[in-house]
Structure formats: structure tokens, C-alpha cells
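Enquirer: This structure is in C-alpha cells; I'll ask about it shortly.
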Amino acid sequence: MQAENLLVIMSDEHNPKMLGAAGHPLAKTPHLDRLAARGTRFDRAYTNCPICVPARASFATGRYVHDNEYWDNSIAYDGRIDSWGHKLQARGIRCDSIGKLHYRLESDPTGFDKQHIPMHIKDGVGMLHLSIRQQFPDFTPPPKKKGGGAAGIVLNAGRGESEYTRYDRRVAQLACDWVRDAATRDDPWVLFVSFVTPHYPLIAPGEFFDLYPIDEMPMQKLDHHTDYVHHPWMANFVRVNARGDATDAQHRTALAAYLGLCSFMDAMVGQVLGALEDSGAAPNTRVLYTSDHGDNAGARGFWGKSNHYEEASGVPLIVAGADIPEGKTSHTPATLVDFFPTIVDAAGAANETSSDLPGTSLIDLANAADDPARIAFSEYHAANSPSGSFMIRKGKYKYIHYVGFESELFDLEADPEEVTNLAGNADYRDTVREYDAMLRNIVDPEDVDRRANAAQKALVEAAGGPDAVMANLVTTKHYTPVPDDIDAELRKG
């Protein structure tokens, strides 16, 4: 493979179904659609953890969460395990980032020559209170404020600008300037551009919000009008969610805002791709696009992520450029750990790839025949979860194992909306056994659940215990804020 420049673009919380190229009937994403048309789109792509910080650590290191042990949104990547950026630096390849990283601290050696307006976990601590799960049985959390947390995602949705849209506008501007400057130089480069939308707050700029009339927005599947009963593992998420607190109009407004943010983010991507074209560097630059995880976006009456259903655990994934088939949809399962070998191979640092990594170059996968039997693996140990959740996608089935709870099995060909759990059906007993064995060939779920809880308990105890953590929150927002100095600058104009 000929080494070329590489532009890696990541969004945050982009539901893989809400993409024009994926056939969504409402989503307007013309720039990503054009990127997909000139490359290969993977329609069975998944995050390795459906929450930001662990997902991005897997993306950086090419390792599963139980391997790198970045468990949740307060145990963030700090450079102690090599990233693909380190491999590029070892070969003298220029590697910068612009935008959200969600690592621990800017000062950590995470593999970038320069970080431009980076967003990391707040104060290097993050949302430590979300590390409190089941490890402190005598601890009673304080009551949640009405309209806060997950409920606020819907109740506060609407039209306008937020710190996140202001931030992404600046990310796009800096990325455009960067690629234009890079075109005047002879040195090879890799640029990671990371937008924070369509992650909530669901406040979409007017020109994009207005693309989606509220009264034309559908209620999402299995909403509160149905008799759908959540899996018991999800009970705590449902308790703090907006399902019973918001009106139908508010749910429709939230969907319009989420779709508006998808279109806004797409426009920011379009600016960067346009600058790449104008610079003359596009012919020798490969482009990769994905998101760190998805978003339920109202499906099952739930907003946010933190589960292994398709809307939240799936991600959009597009690769385009030299040696990549055009206009192809690959049905081979892929995950974020595949980006490590993809980036180091495509940038000309293939000899730096570790042999024990689970990923495969996406360019190789794009050029190969579909392999639906390839396994996609994901896991979750973070906010509000009563235990670890583990996912296997292979062929037409998805298997979800919950430590201490009944499992789920879905036939995604016959039941793409994951309405019918087959795990308790005697006809699928052998399939459940087969997929459970595949899972345990990768990981010991019960052991990993213990390890995650022990690490989180130690972190909370080091901060003074759960009461001290709740009394000393570094942020009261239910999302990571833009750094204060950057937000102040953005507000000025």
C-alpha cells in the first residue's frame, strides 16, 4: 500500500442510522454521503464501548477496554499504553489533533505533536461520581434535580447555539487552516479532527434545526406509547431518563434538534473536506470518518448511549481514498480498534503495529470479500450500570451478556430493530451457547466485571469516598464542558 497523508475525522455520539448514505428517510448529511460514494461504508461498525472516554481509549490504543483498563469517564487515556500516534511519531510522521480528545490531560504524552484546542475530561478528573456503581451498598445518592441528567437531554432541547456548536465551528476553522498550510509543505502528515456534535446538549443552530419541522418528526420506536418493557439491566437508566417526564412535542423537538446537529456536524465536515480539495492535497490524502459511539435518540424512550442496542453501540464508518473501493458497502463487522492498524499502515508505519492487537486494517477489509462471520466485540462498565455488559456481533446474530442478568439474543436480519429477544427461546438454546462461548474466548465477563468495579472503587475511595465525591463535583453538567478558556474565547467571537 502506498503511504499517503491521512485525515481522520471523528464525531461524537452519531447514531449510525441517521446518515443519508445509510438510507435514513430524514437525515440530511450530503457531505458524508459524498464521502461514502467515493469510498467504502461499513454498515456493521461498532464502538468498543458505548460511552466517550473508554471508546476513545480503545480507538487510540487499538485494545479492548478490559485490556487497556480505561474503564469509564474518569479513567481516561494518559499515554501509558502506546497509541497509533506514538507509532507515527516513532517514524517521524507529523501527527496533530484538533478538537475533542477526551483523554486525561493535555500534558500527557498521548502521541500528538500538537493538540489544538483540545477537550479532555474536566480538570483531569472528569465525572468521578459516575464511577460509583454497586461498590458502595450503604451509600444513598442524593436525589437528582428535576430536568437534570438524562431527562435534561429532552427537556432542554431546541433551537440555538451552545458551547458545543461554537466549539465545533472553531474546530472546523482550525482544521481548514491546518490542511491548507500542510499542502505547502513536503512532510507527510496525519491529522485527527474531532467534533463534539451531535452529542447533547441538543441545541441546534437555526438553519439546521429548521431542516426538520417539529410536527413532522416521528415518535421513535418502542416509545412510551407502547407496552415495551426494558431489560432489567436497563432499569436504572430508565429511572433517570426522560421517558415519563417529557411530552410528545418535547420528544419530537429533541429529535429535530438531534437531526439538526447531525446536519450541522456534516456541514463542518464539509468545510474541512472542501479545504482539503481546495488545497490540492485531496488526491494524495485518505479520509476516514467515524464516531466514538451512537445515541439512542429516543428509541425505547431513551436518550443517550450506555447500552449495546444498535443505535448506541453502532457507529458510522467510512473510508475513502487510494486503494479503497468506491461506492461500496461492506457487510464485514468492524470496530474502533481497527483504526490502529488502519492508520499506521496507511501512513507508512506498518512495521510499528503490535502483533497482539485484535484489529485489522479497514483498507484491507474494504478490499476483501464480505466476511459477516468476523466478530465485533464491545463492552460497558460505566455510568449507572449495575454490572458489566458485553456484546458479540457475528453473522446475523447479536448476543448481549449482562453479568448477573439474563442475556439477550437478536436476529438482526429478521429483526433489525431488536424488538424480540430470542435468548429465552428453546429453539435458540444452542445459538446462545455458541455465542456465549465466543464471548468467553475473548473475555471472562465475571472476572472483568470484578476488576472494573475494584478499579472504580479504589478511585472513589482515593477521592474521599462517595459522599466526598458527590460534594466536590468538578462539573454539574451532564456532559463534559468545553474548557473555560476556550469557551470564553469562543464567546468573544
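Enquirer: Evaluate the following for I81: is it modelled with pLDDT of 95 or more, surrounded by 24 or more Cβ atoms within 10 Å (Cβ to Cβ), aliphatic (A, V, I, L, M) and within 22 Å of the chain's Cα centre (by Cα)?
Expert: Criteria not met by I81.
Enquirer: Can you name the helices (runs of 4 or more DSSP H) wholly within the stretch 423-479 that have at least 1 residues being modelled with pLDDT under 95, touching a Phe, Trp or Tyr at 6+ places or on another chain (Cβ under 8 Å) and of a type in the set (G, A, S)?
Expert: none
Enquirer: What single numbered condition from (1) over 22 Å from the mean Cα position of the chain (by Cα); (2) farther than 28 Å from K100 by Cβ; (3) of a type in the set (A, V, I, L, M) fails to hold for V474?
Expert: The number of the failed condition is (2).
Enquirer: Only one residue in A45, A36, A27 is surrounded by fewer than 24 Cβ atoms within 10 Å (Cβ to Cβ) and hydrophobic (A, V, I, L, M, F, W, C). Which one?
Expert: Being surrounded by fewer than 24 Cβ atoms within 10 Å (Cβ to Cβ) and hydrophobic (A, V, I, L, M, F, W, C) holds for just one of A45, A36, A27, which is A27.
Enquirer: Out of (1) over 24 Å from E4 (Cα atoms); (2) surrounded by fewer than 24 Cβ atoms within 10 Å (Cβ to Cβ), the odd one out for P54 is which?
Expert: Here P54 clears every test but (2).
The rows are residues; the columns are (1) farther than 20 Å from D78 by Cβ; (2) not charged (D, E, K, R).
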{"residue": "L101", "(1), (2)": "no, yes"}
{"residue": "F112", "(1), (2)": "no, yes"}
{"residue": "D123", "(1), (2)": "no, no"}
{"residue": "Q134", "(1), (2)": "yes, yes"}
{"residue": "T140", "(1), (2)": "yes, yes"}
{"residue": "G152", "(1), (2)": "yes, yes"}
{"residue": "L155", "(1), (2)": "yes, yes"}
{"residue": "E163", "(1), (2)": "yes, no"}
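Enquirer: Just a yes or no: is a residue in the stretch 156-170 in contact (Cβ under 8 Å) with a residue 60 or more places away in the chain, in contact with a Phe, Trp or Tyr (Cβ under 6 Å, 6 or more places away or on another chain) and surrounded by 23 or more Cβ atoms within 10 Å (Cβ to Cβ)?
Expert: Within the stretch 156-170, one or more residues are in contact (Cβ under 8 Å) with a residue 60 or more places away in the chain, in contact with a Phe, Trp or Tyr (Cβ under 6 Å, 6 or more places away or on another chain) and surrounded by 23 or more Cβ atoms within 10 Å (Cβ to Cβ).
Enquirer: Here's another thing I want to ask about it. Tell me, yes or no, whether the stretch 223-230 has at least one residue that is under 24 Å from the mean Cα position of the chain (by Cα), farther than 27 Å from T290 by Cα and either at pLDDT below 95 or in a helix (DSSP H, G or I) (or both).
Expert: Yes.
Enquirer: Does G111 satisfy the condition of being in a strand (DSSP E or B), within 21 Å of the chain's Cα centre (by Cα), at positive phi and not β-branched (V, I, T)?
Expert: Taking the combined requirement at face value, the residue does not satisfy it.
Enquirer: Taking the stretch 171-195, which residues are in a loop (DSSP other than H, G, I, E, B) and of a type in the set (K, R)?
Expert: The one that is in a loop (DSSP other than H, G, I, E, B) and of a type in the set (K, R): R185.
Enquirer: Find the strands (runs of 3 or more DSSP E) located wholly in the stretch 317-421 whose residues include 3 or more that are of a type in the set (S, T, Y), and list them.
Expert: Of the strands (runs of 3 or more DSSP E) lying wholly inside the stretch 317-421, those with at least 3 residues that are of a type in the set (S, T, Y) span 397-402.
Enquirer: List pairs: first in the stretch 108-129 and under 11 Å from T480 (Cβ atoms), second among the aromatic types (F, W, Y) and at pLDDT 95 or above, Cβ under 8 Å, 6+ apart or cross-chain?
Expert: So the pair list comes out as M119/Y167; H120/Y103; I121/Y103.
Enquirer: To continue, here is another question. Kindly evaluate F390 against the criterion of being of a type in the set (A, V, I, L, M, F, W, C) and either surrounded by fewer than 14 Cβ atoms within 10 Å (Cβ to Cβ) or within 20 Å of H308 (Cβ to Cβ) (or both).
Expert: Yes: the conditions hold for F390.
Enquirer: Please go through the stretch 203-219 and pick out each residue that is touching a Leu at 6+ places or on another chain (Cβ under 7 Å) and of a type outside the set (F, W, Y).
Expert: A204, M217
Enquirer: Read through the list (1) assigned to a helix (DSSP H, G or I); (2) touching a Ser or Thr at 6+ places or on another chain (Cβ under 8 Å), then give the number of the only condition that M234 fails.
Expert: It is condition (2) that M234 fails.
The values are calculated or read from the model by the stated rules, or taken from the named source; none is laboratory data. Keep in mind it's a predicted model, so treat the numbers as computed, not measured. Positions of Cβ are backbone-derived with ideal geometry, glycine not excepted, and every protein chain shown enters the neighbour counts.
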